[in-house]
Every structure is written in C-alpha cells, then in structure tokens.
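Bear in mind these aren't lab numbers, they're just calculated from the coordinates by the rules spelled out. All values derive from a computational prediction rather than experimental measurement. Neighbour counts run over all protein chains shown; Cβ positions are idealised from the backbone, glycine included.
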Amino acid sequence: MRSALALLAMLALSAPAAAQVQPAPLPADATLLSVSAQAEASRAPDIATVSAGVVTQAADGNAAMRQNAELMNKVLAAIRAAGVADKDVQTSGIHLSPQYHYQENQPPRVSGYQASNTVSVKLRDVARMGQVLDALAASGANQIHGPSFGLDDPEPLYDQARLQALEQARARAQTYARALGMKVRRVVSISEGGGGIHPPMPVVMARAADAAYESTPVAAGETSVSVSLDVVFELGR
C-alpha cells in the first residue's frame, strides 16, 4: 500500500508543467480590444441529394405493400443503372396507412390503404442530376423532392473563411489602434462561433416542349460557408 502511494506521489511530482500553464500577465500600459468579424467563402457544390419514392393504393394493406415493393424495386434498379453506389442510397421511410371515406352523419369508413417507400440518393456527379431525375420518373417514382446541394469535404472552404475573418479582425484592430495613437501588439485570444453551410436554392427549370429536350435542367449555383470570430487584441503605445 505504501509503495503504491509513493508511486502516485512520484507521478504527481513528475506531471508535465504544461498542464498548469497560466496566461501571460499583461503589461501595465496594455489595452485590450475585442473585435468580432465574419467572413464567407463559396464554391460550386460537389454533391447533390434527392429524395425519391413510390406511393401506391389498394383495397387492403397487403396488396398496397406488394404493389409498392414491385415499383420500388424498379426505382432502385434505375438508381443503380445510373451509376449510384449502394452506399449512397438509403431508405428514409416506409409507411402504410388506412385511407378513410367521410360521409355526412356517418362514422369514417376505411376505403383502402396507402403504402409509401422513400429513399435518399446522394449523387457525386452533380452535372448528371437532371438525367437521374428523369430516370427516377421513368422507372415509376411518383414522389421526388430536391435536389439539395452540398460539399463532400467543406473543411478547406471553412479554412478559407477563417483566414478571411482573421484578416478582417486584424484590419479592424489596426484601425482602432491608429485612431487611439497605439499599435497592435499581439492576439490574446480567438474564439470561433456561429456560421455554417449555406446551400444554394435548387433551381429545376421547366421542361421544354420540343424535341431538343434532353434531360431536366438543374442549376447547382454555389454553396457557401461562413465563420464568425471573436478576437481579443493587446494594444499598446
């Protein structure tokens, strides 16, 4: 027992001093300035997500589910034929619900059943979104929502926005310092908060009525990210 206590005491004494680092004291003539800055960076999205599904109705629930499964298998086959990997297709909802017939002065009566099956499809070739939408519709999908656009790896774009926000904060600090007859000595602290990804609003253009139509045109636009920084500077003479 004594040897264990002695070992613990030795470990405590040998703990790295970095764990007890204290902030450097400020010079007597220092002035602290807190500056907030926000910056945004944009680029074309490299992924697109669309929700597609099948809704069927029948007199009984079993028939509605069977019909739905038959059509949904065709939709999934069309998705695979479009080159979408299995990992980028995920079922997002399967529902079976009764349908009611309402008549005045009568209790609701079940008139049939509705079945639905929906999948979320991620497309890594954004330029082919129009062709995929057409393939979904042709295969029997009667519910299509989207697309929504995004970035597979947004961190490099966030870093770009971070640097822009930091430069903006530094420029503002220098403006204040000059007005006070002082200089910016150093950055005391940086806090990052807020911001996020701002996807573009998808634009699905109207289908042309002539033979020149090839696929549903989709405009991807640009996806932007924003970063907010709170930076504390030390000013001095």
Could you go through region 62-67 in sequence order and give the Karplus-derived ³J(HN,Hα) for each residue, using 6.51 cos²θ - 1.76 cosθ + 1.60 with θ = phi - 60°, rounded to whole Hz, and x for Gly and Pro?
-> 4, 5, 4, 5, 5, 4
16 Å tail of the calculated P(r), region 47-150, as % of Cα pairs = 58
If Lys and Arg each add +1 and Asp and Glu each add -1, what is the summed charge of the other residues whose beta carbon sits under 15 Å from the beta carbon of Arg237?
-> +2
Near the amide H of Ser228, under 5 Å away, which other amide H atoms are found, from residues 5 or more places off or on another chain, if H is placed in the peptide plane?
-> Gly193, Gly195
State, to one decimal in nm, how far the label point of Asp60 lies from the label point of Ala179, with both points 7 Å from Cα in the Cβ direction.
-> 7.9
Nearest 0.05, what FRET efficiency do Glu222 and Arg170 give at R0 = 35 Å with Cβ-Cβ as r?
-> 0.85
Mean Cβ-within-10 Å packing, highest first, puts peptides 47-56, 127-136 in the order 47-56, 127-136
Inter-probe distance in nm under a simple model that places probes 7 Å from Cα toward Cβ, at Arg80 and Ser111 | 3.8
Using θ = phi - 60° and the Karplus curve 6.51 cos²θ - 1.76 cosθ + 1.60, what whole-Hz ³J(HN,Hα) does each residue of region 177-192 get, with Gly and Pro shown as x?
-> 4, 4, 5, 9, x, 10, 10, 7, 8, 6, 8, 8, 7, 9, 10, 9
Leaving out same-chain residues fewer than 8 places away, which aspartates and glutamates sit with a Cα under 13 Å from that of Lys122?
-> Asp46, Asp86, Asp88, Asp152
